[in-house]
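Peer 1: Okay, here's the structure, questions in a sec.
Values quoted throughout were computed directly from the atomic coordinates according to the rules given, and no laboratory measurement underlies them. Computed from a predicted structure; not experimentally measured. Counting neighbours? That spans all protein chains shown, and the Cβs are built from the backbone with ideal geometry, glycine included.
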Amino acid sequence: MTEAAAKDRPHRGTIFVEDAEVLDVEAWPAEQFIMRLVAPQCAAHARAGSFAHVTCDPALPMRRPLSLMRADPGSGVIEFLFKIVGDGLRLLAQRRPGETVSVMGPIGRPFTPTPGRRRPLLVGGGVGIPPMVFLAEALGPAARDGLVLMGSEVPFPFDPADSRLDVAHLPQGVVAAMPLMENLGVPSRLASLGGFPGCYPGYVTELGREWLRGLDAGALQEVEIFACGPTPMLKAAAALARDFGLPCQVSLEEYMACAVGGCAGCVVQVNTPAGPAMKRVCVDGPVFEAAAVDWGAMQH
């Protein structure tokens, strides 16, 4: 391969296929599941924002793309959070400890935090929560000066707890947090229209706006937004960034067949210095600069 071709295909040599042993499958309300598997090569190379293409059942040849929620290079363990939306994921949820699942990954361009932006605002909605968990852990102590916001219209795939970590500029009574974030010392808050105790009674991006409104000009210069979730939420996150003049990276969701750039079935329109271009979410993304995405061309 020529040097130019290699530059155009940065994913070459970084995607691995391995038979991953299922450690456990944890069931949560609203048909949500957390699956832990041993996939050493994927765990060693995964970055926040990357995903894997998973075989749900031997009878189903088509894989399903799942965002990585956690990856531990030391133990080789990776974690997925997924919600049943079809027969494939229903079959995946039925896998049992000791069975093997074919995992192809990690795939895609990850989040790349900007140096000097020491107040990251992480926004995850529904099955867009996993990359935010991964990113918060990857940021380490840097995440403690920021805020992780998670939204869901169904019960969360964890037991919310009242936060011990104070966050200024939020409405009174918004105290529900993710225990994992609490243990990391990272402030987090939850939003839902489901009426869950301690949650912000609105959209997660509206809660982000409340926080940003309270910051002074100096603090705002230190904020960068990262978001993953359904397209309407990502559009709202992009608008939020635009309103406050902030950089924003979004992880897009699209239907995928091959997930390695061959079929071009997951293309989205992105504005580049050379003009509009069609980019593949699987390998050109899934993470893009929010300001570059042509949101008007997005179908869902």
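Peer 1: Label point 7 Å out from A257 along Cα-to-Cβ: which residues of region 46-72 have amide N under 14 Å?
Peer 2: The answer is 62-63.
Peer 1: Label region 98-166 by shape, choosing from rounded, prolate and oblate, from the square roots a ≥ b ≥ c of the eigenvalues of the Cα gyration tensor; if a/c is under 1.5 it is rounded, and otherwise prolate applies when a/b is larger than b/c, oblate when it is not. Write down the numbers at each step before the final one.
Peer 2: Numbers: a/c = 2.11, a/b = 1.20, b/c = 1.76.
The shape class here is oblate.
Peer 1: Need one number: the % of Cα-Cα pairs in region 55-96 sitting beyond the 15 Å mark.
Peer 2: 47 percent
Peer 1: Only helical DSSP H runs with n ≥ 4 go in: add -39500 (n - 2.57) per run for the chain, normalise by residue count and round the 222 nm mean residue ellipticity to 500 deg cm²/dmol. Numbers along the way, then the final one.
Peer 2: Values: 8 runs with 64 residues, N = 300.
Value at 222 nm, helices only: -5500 deg cm²/dmol.
Peer 1: Hey, another quick one. How much length would be gained if the chain were fully extended between A217 and A44, taking 0.36 nm per residue of separation minus their Cα-Cα distance, in nm to one decimal?
Peer 2: Result for the pair: 58.4 nm of gain on full extension.
Peer 1: Packing-wise, with mean Cβ within 10 Å as the measure, how do 271-283, 180-192 rank, highest first?
Peer 2: Taking the mean over residues of other Cβ atoms within 10 Å, the ranking is 180-192, 271-283.
Peer 1: Residues of region 220-241 with the amide nitrogen closer than 20 Å to a label point 7 Å from the Cα of Q269, along Cα-to-Cβ, please.
Peer 2: Within reach of a label on Q269: 231-239.
Peer 1: While we're looking at this one, here's another question. Quick check: convex hull over the Cα atoms of region 3-107, volume per residue in Å³, rounded to an integer?
Peer 2: Taking only Cα atoms, region 3-107 has a hull volume of 103 Å³ per residue.
Peer 1: What would the Debye equation give as log₁₀ I(q)/I(0) for the chain at q = 0.07 Å⁻¹, counting only Cα atoms as equal point scatterers?
Peer 2: Rounded to two decimals, the profile gives -0.25.
Peer 1: Moving on. Please state the shape class of region 204-300: rounded when a/c is under 1.5, otherwise prolate if a/b exceeds b/c and oblate if not, all from the C-alpha gyration tensor.
Peer 2: It comes out prolate by the Cα gyration axes.
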